[in-house]
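Chemist: There's a structure below that I have some questions on.
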Amino acid sequence: MFSSLLAASLLSVVLSASAFPEYRSLAGLSAAEVRAVARTFQATPGAQPVPPPINDTSSKLVFDDAHPFQPDAPGDIRGPCPGLNTLASHGYINRSGVVTPGEIITAVQEGFNMGWDLATFVTYGAFVVDGNHLTNLMSIGQKTTETGPDAPAPAIIGGLNTHGAFEGDASTTRDDFALGSNFLFNETLFDQLSQAAIDFGSNGTLDIPSAAVHRHNRILDSIARNPNFTFVTPRYLTAYAETTFPLAFFVTNQTSDTSLTLGLDVARSFFQTHKFPDNFYRRNGSYGLAEVGDLVVEVFEPFPVLPGNNEGVGNYVVDPEDPGLVGDGTCYAYYRQSNLTVALYPDPTDELRAAIAQNLANFYSGLGDPTCEQVFPFGQ
Ligand code: HEM
């Protein structure tokens, strides 16, 4: 009796939010609520096939006439990822910040020459937990202020800003969720990145050794100040990968071995303004899972920190189960993210179940590793 009343009142809360945003995750809603909100959606295409790899991965001008920079308009959503924010500000993905996973996968290839495997693995790794499986939409950041009251936990309302699903701690220029804004540009942190480049980089520009110093400093800072600091796979892997991304993607005409270094003004243009510098050329050759795998080792080795979490400020406890960068971390990331998806959707409707199953298969396809056994928690 009590629980049905609760469900009814929750349903009315959800529906009284006049429109349940089409990009809002359906995690945490009961089957009845999912059916009710699905009726308000314009279209429910469900999961879609992953778009193909691009054929031509040579360098090219990407700040071109077809992709002018436009500052955010009121209501446009931006989030913690400077890469996606920039692609939105140049119209490679919808400028609103509400996008499909397929749009992201095509855009990160076109605009930055991210490899198809990495693009697919990262995009679906995020989408399975932060996206809306029925509408096939996701927000690259926060919810807008017009979307009404938040649904109770474990509902996911914030797109990529949602802490602990895909977004995580010890970010390059964004604060830990427990300490400040986990998605807005933070000048103090950018200054620390700049200082690492000045002290340890290449003639005042950022290179991999100085980026590694900043990565380590960010981990030490989180250990020292964030009682909830969590640094396990998949966040552990994305943190190291994201440390290589400014070098791999933000340097104009970057060589295929990622050896050119990054000027701090250019870095700021991406991290803060979400803008390609004038005359910006994407890198030569794609940067996928193999390339990121090689470079994260160079970030990790000078200051090896194993996966773990804080149990109180200053008390970092290593997780012995987590292979991190030493074992088969990407396969483990796939299992972790699949398990989280199961926890978010304990009782999906048939339509939702089919869409999640397909999106998990899309996620797995990015891995391209037959030694990592595929799982089917939502059926095949
Ligand atoms: C493929 C789809 C992508 C998704 C879904 C994605 C998502 C995200 C998310 C959720 C974060 C926040 C993680 C955190 O710090 O807690 C992030 C950070 C970051 N992303 Fe992306 N990203 C993608 C592609 C890219 C690309 C193509 C680039 C570069 C061109 C990029 C560059 C970065 C950087 C540098 C950060 C660290 C930001 C900071 O901590 O200051 N990402 N991304």
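The values are calculated or read from the model by the stated rules, or taken from the named source; none is laboratory data. Treat the numbers as computed from the prediction; the structure is a model and nothing was measured. Positions of Cβ are backbone-derived with ideal geometry, glycine not excepted, and every protein chain shown enters the neighbour counts.
Chemist: Which residue pairs have Cβ atoms closer than 7 Å, lie 6 or more positions apart in sequence or on different chains, and pair a first residue in the range 352-380 that is on the phi > 0 side of the Ramachandran plot with a second residue that is crowded, with 17+ Cβ neighbours inside 10 Å and hydrophobic (A, V, I, L, M, F, W, C)?
Modeler: These pairs meet every condition: Gly379/Ala357.
Chemist: Now for a different question. Do you know which of the residues in the range 81-136 that are of a type in the set (Ser, Thr, Tyr) and away from the ligand (no atom under 11 Å from the Cβ) is farthest from Asn362 (Cα to Cα)?
Modeler: Result: Ser89.
Listed here are the residues, each with its yes/no results for (1) more than 10 Å from the ligand (Cβ to nearest atom); (2) more than 21 Å from Ile93 (Cβ to Cβ); (3) at pLDDT 95 or above.
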| site | (1), (2), (3) |
| --- | --- |
| Gly148 | yes, yes, no |
| Gly158 | yes, no, no |
| Asn161 | no, no, no |
| Glu167 | no, no, no |
| Phe185 | no, no, yes |
| Leu220 | yes, yes, yes |
| Ala224 | yes, yes, yes |
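Chemist: When the range 268-290 is examined, which residues are found to be within 19 Å of the chain's Cα centre (by Cα), within 13 Å of the ligand (Cβ to nearest atom) and not in a loop (DSSP other than H, G, I, E, B)?
Modeler: Within the range 268-290, Phe270, Phe271, Gln272, Tyr287, Leu289 qualify.
Chemist: Six or more apart or on different chains, Cβ under 7 Å: which pairs go from a residue in the range 115-131 that's among the aromatic types (Phe, Trp, Tyr) to one that's in a helix (DSSP H, G or I) and near the ligand (Cβ under 10 Å from one of its atoms)? Could you list them?
Modeler: Trp116/Gln109; Phe121/Gly366; Tyr124/Pro101; Tyr124/Gly366; Phe127/Pro101
Chemist: Continuing with this model, one more query. Within the range 327-380, can you find the residues that are part of a helix (DSSP H, G or I) and among the β-branched types (Val, Ile, Thr)?
Modeler: Across the range 327-380, the qualifying residues are Thr330, Thr341, Val342, Ile356.
Chemist: Continuing with the same structure: Is there a residue in the range 94-110 that is modelled with pLDDT of 95 or more, surrounded by 24 or more Cβ atoms within 10 Å (Cβ to Cβ) and in a loop (DSSP other than H, G, I, E, B)?
Modeler: Checked the range 94-110: at least one residue is modelled with pLDDT of 95 or more, surrounded by 24 or more Cβ atoms within 10 Å (Cβ to Cβ) and in a loop (DSSP other than H, G, I, E, B).
Chemist: Further, regarding this structure: Of all residues in the range 283-300 being in contact with a helix residue (DSSP H, G or I) (Cβ under 8 Å, 6 or more places away or on another chain) and of a type outside the set (A, V, I, L, M), which is farthest from Thr252 (Cα to Cα)?
Modeler: My answer is Phe300.
Chemist: Restricting the range 26-79 to residues that are free of Cβ contacts under 8 Å to residues at least 40 places away in the same chain and not in a loop (DSSP other than H, G, I, E, B), which is nearest to His274 (Cα to Cα)?
Modeler: Val37
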